[in-house]
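Data first, discussion second: the structure below is written as structure tokens.
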Amino acid sequence: MTCNGTMGRAEALPAGYSLDVTEPLPLAVVNVLDPNGELAAIGRAVKVGEFAVYDRIETEVGHRRRGLGRAVMKKLETLAREAGATRGVLVATAEG
């Protein structure tokens, strides 16, 4: 899937969840940690020219349907745009 515009606005994380970000690009990793500090969601982005390639976006089964994947994607998009990316490509599986 490709994206030429922005993904829309970011929603607040549910209470107790937090973002942990490893950057700078060309490779960024965004983790969402649950209230116990355990991994709830993760995603990666790499910048290649004008493209941000989003890959391995995953939310743990017990944490799905809470907007965590969207939060990961929005943070990755923000980092990519700050690094100069103007287009995005999402790598996904049939399950994703």
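No value in this document is a laboratory result; all are computed from the given coordinates. Because the structure is a prediction, the values reported are computed rather than measured. Please note: Cβ atoms are built from the backbone with ideal geometry, for glycine as well, and neighbour counts cover all protein chains shown.
Taking first residues from the stretch 68-96 that are touching a residue at least 40 places away in the same chain (Cβ under 8 Å) and more than 15 Å from residue 32 (Cα to Cα) and partners that are among the hydroxyl-bearing types (Ser, Thr, Tyr) and surrounded by 12 or more Cβ atoms within 10 Å (Cβ to Cβ), the Cβ contacts under 6 Å between residues at least 6 apart in sequence or on separate chains come to 90/54.
Looking across the stretch 36-94, just one residue is of a type in the set (Phe, Trp, Tyr) and touching a Lys or Arg at 6+ places or on another chain (Cβ under 7 Å), and that is 51.
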